[in-house]
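A.B. asks: The structure that follows is given in the form of structure tokens.
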Amino acid sequence: MALSRPRVLQYGKMPLPQLDAELAQAYDVQILSEQADPERFLAEQGAQFPYVVTSAAMGLPARVVDALPELKFVSSFGVGFDALDKDALLRRGARVGYTPGVLDDCVADMAWALLLDAARGVSASDRFVRRGDWSRQRFGLATRVSGKRLGIFGMGRIGSAVARRGAGFDMEVAYHNRRPIDGSPHQYLASLLELARWSDFLIITAAGGDHTRHLVSTEVLDALGPEGFLVNVARGSVVDEAALVEALRSGRIAGAGLDVFEDEPRPLADLLTLENAVLAPHIASGTHDTRRAMADLVLQNLQQFIATGEPAAEVPWSAAR
């Protein structure tokens, strides 16, 4: 008699459709978002699922964790874990895997794309040409990037990849974390406010969550100043979006490049009207190469945990730590 396949609850459709198919091929998968009555489904069948697959964007709320009494492991697609209910997962004793490392380069590349676009006006100049304005007037002057000061808030894997790229632009690099990094070649500044005051370009690569919510405040934006640029490829919650709109509109900072927003997919409407803001729809990891590598790690984490009890990559606060 054939062995039954492990039951896996998939919280919703994954960002890479091929991963949906690969999970369904390997496991007995039910997709919660496709159930006619998800709450009733959880009440009736929640005890049958020891494993969950989700993504950083979807997260996993406490109400779902609490409905899964046998939950042992969650495999999440992405590096952010602020949308996973940490307290509920720790109460349940569930382990949590995620996909660090494989997306660092693409996210760092996107940070630089936004920085260069915000400073040099690439998107704005594209619109200028397409409107036919070039035949009537000259495009305005922009801001040089090379040789300037690059501040990084969150010098983890992605922040380090951003810093390496800064060397190619002959930039001086400084950073702020909760604590200095041993052996880092870059200057550590003791506060985000001090880092903003020092920087020409401030790139946000810090983790999301309550401890970083709105740390990029009016005070920090004012410290960055009217010649400074903000780039965010971390989590929208780190930046006070309303304060950012006012700083951009009033010229208290020069510009911004944003891949993430507080309420995705609904940026503040006023952001859409600002020519000094470059906006992208949370696509920093959105390359074929990186999404495939992330999907592979989601599968590896799940397979390895089922086989050995240890995932390949586990979030820092997981129950085993």
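A.B. asks: Those residues that are in contact with an Asp or Glu (Cβ under 6 Å, 6 or more places away or on another chain) and not small (Gly, Ala, Ser), I need them from segment 133-173; list them, please.
C.D. replies: Selection gives Lys148, Arg149, Arg157, Ile158.
A.B. asks: Going through Gly228, Gly236 one at a time, which residue ends up being closer than 22 Å to Gly140 by Cβ and either in contact with a strand residue (DSSP E or B) (Cβ under 6 Å, 6 or more places away or on another chain) or at pLDDT 95 or above (or both)?
C.D. replies: When all the criteria are applied, what remains is Gly228.
A.B. asks: Sticking with this one: Identify all residues within segment 89-109 that are farther than 17 Å from Val53 by Cβ and in a helix (DSSP H, G or I); write none if there are none.
C.D. replies: Of everything in segment 89-109, those that are farther than 17 Å from Val53 by Cβ and in a helix (DSSP H, G or I) turn out to be Leu90, Arg91, Asp104, Asp105, Cys106, Val107, Ala108, Asp109.
A.B. asks: Could you identify the single residue in Pro15, Pro6 that is under 16 Å from Gln303 (Cα atoms) and surrounded by 15 or more Cβ atoms within 10 Å (Cβ to Cβ)?
C.D. replies: Pro6
A.B. asks: Something else about it: State which residue pairs qualify: first residue over 24 Å from Met155 (Cβ atoms) and inside segment 223-252, second residue charged (D, E, K, R) and surrounded by fewer than 24 Cβ atoms within 10 Å (Cβ to Cβ) in any location, beta carbons under 7 Å apart, and separation of 6 or more residues or different chains.
C.D. replies: Filtered contacts from segment 223-252: Pro226/Arg252; Val245/Asp270; Arg252/Asp222.
A.B. asks: Kindly provide the set of residues from segment 39-53 that are touching a residue at least 40 places away in the same chain (Cβ under 8 Å) and either over 15 Å from Val74 (Cβ atoms) or in contact with a Phe, Trp or Tyr (Cβ under 8 Å, 6 or more places away or on another chain) (or both), ordered by number.
C.D. replies: Passing the criteria: Gln48, Pro50, Tyr51, Val52, Val53.
A.B. asks: If you don't mind, there's one more thing I want to ask. Please count how many residues of segment 253-269 are of a type in the set (D, E, K, R) and without any contact (Cβ under 8 Å) to a residue 12 or more places away in the chain.
C.D. replies: 1
A.B. asks: Okay, next question. Could you grab me the full set of residues in segment 36-61 that are closer than 22 Å to Ser4 by Cα and of a type outside the set (Asp, Glu)?
C.D. replies: Phe41, Leu42, Gln45, Gly46, Ala47, Gln48, Phe49, Pro50, Tyr51, Val52, Val53
A.B. asks: While we're here: Kindly check whether there is at least one residue in segment 145-161 that is over 25 Å from Glu227 (Cβ atoms), in contact with a Pro (Cβ under 8 Å, 6 or more places away or on another chain), surrounded by 11 or more Cβ atoms within 10 Å (Cβ to Cβ) and assigned by TED's automatic domain parsing to the domain that holds Ile203.
C.D. replies: yes
A.B. asks: So which residues in segment 121-163 are closer than 24 Å to Val238 by Cβ and more than 19 Å from the chain's Cα centre (by Cα)?
C.D. replies: Ser123, Thr143, Val145, Lys148, Arg149, Leu150 - these are the residues of segment 121-163 that are closer than 24 Å to Val238 by Cβ and more than 19 Å from the chain's Cα centre (by Cα).
A.B. asks: Give Ala36, Ala57 a once-over and let me know the one that is surrounded by fewer than 20 Cβ atoms within 10 Å (Cβ to Cβ), in contact (Cβ under 8 Å) with a residue 60 or more places away in the chain, in a loop (DSSP other than H, G, I, E, B) and of a type outside the set (Lys, Arg).
C.D. replies: Ala57 is the lone residue from the list that is surrounded by fewer than 20 Cβ atoms within 10 Å (Cβ to Cβ), in contact (Cβ under 8 Å) with a residue 60 or more places away in the chain, in a loop (DSSP other than H, G, I, E, B) and of a type outside the set (Lys, Arg).
A.B. asks: Is segment 179-192 home to any residue that is in contact (Cβ under 8 Å) with a residue 40 or more places away in the chain and either out of contact with any Pro (no Cβ under 9 Å at 6 or more places or on another chain) or under 27 Å from Asp270 (Cβ atoms) (or both)?
C.D. replies: So far as segment 179-192 goes, no, none of its residues is in contact (Cβ under 8 Å) with a residue 40 or more places away in the chain and either out of contact with any Pro (no Cβ under 9 Å at 6 or more places or on another chain) or under 27 Å from Asp270 (Cβ atoms) (or both).
A.B. asks: Sticking with this one: Here are Leu271, Leu297: which of them is in the same structural domain as Leu189 (by TED's automatic domain parsing) and surrounded by 18 or more Cβ atoms within 10 Å (Cβ to Cβ)?
C.D. replies: That would be Leu271, the only listed residue that is in the same structural domain as Leu189 (by TED's automatic domain parsing) and surrounded by 18 or more Cβ atoms within 10 Å (Cβ to Cβ).
A.B. asks: Let me ask something else. In segment 1-50, what residues are polar (S, T, N, Q), more than 20 Å from Gly286 (Cβ to Cβ) and under 31 Å from the mean Cα position of the chain (by Cα)?
C.D. replies: Scanning segment 1-50 gives Gln10, Gln25, Gln30, Ser33, Gln35.
A.B. asks: Where the second residue is among the small types (Gly, Ala, Ser) and the first is closer than 16 Å to Ala118 by Cα and lies in segment 141-155, which pairs have Cβ atoms under 6 Å and are six or more apart or on separate chains?
C.D. replies: Listed pairs, sorted by first residue: Ala142/Gly121; Thr143/Ala119; Val145/Ala119; Arg149/Ser199; Leu150/Gly166; Gly151/Ala174; Gly151/Ser199.
The values are calculated or read from the model by the stated rules, or taken from the named source; none is laboratory data. This structure is a prediction, so every number in the text was calculated from the model and none was measured. Methodologically, a virtual Cβ is constructed for each residue, glycine included, from the backbone with ideal geometry; neighbour enumeration extends over all protein chains shown.
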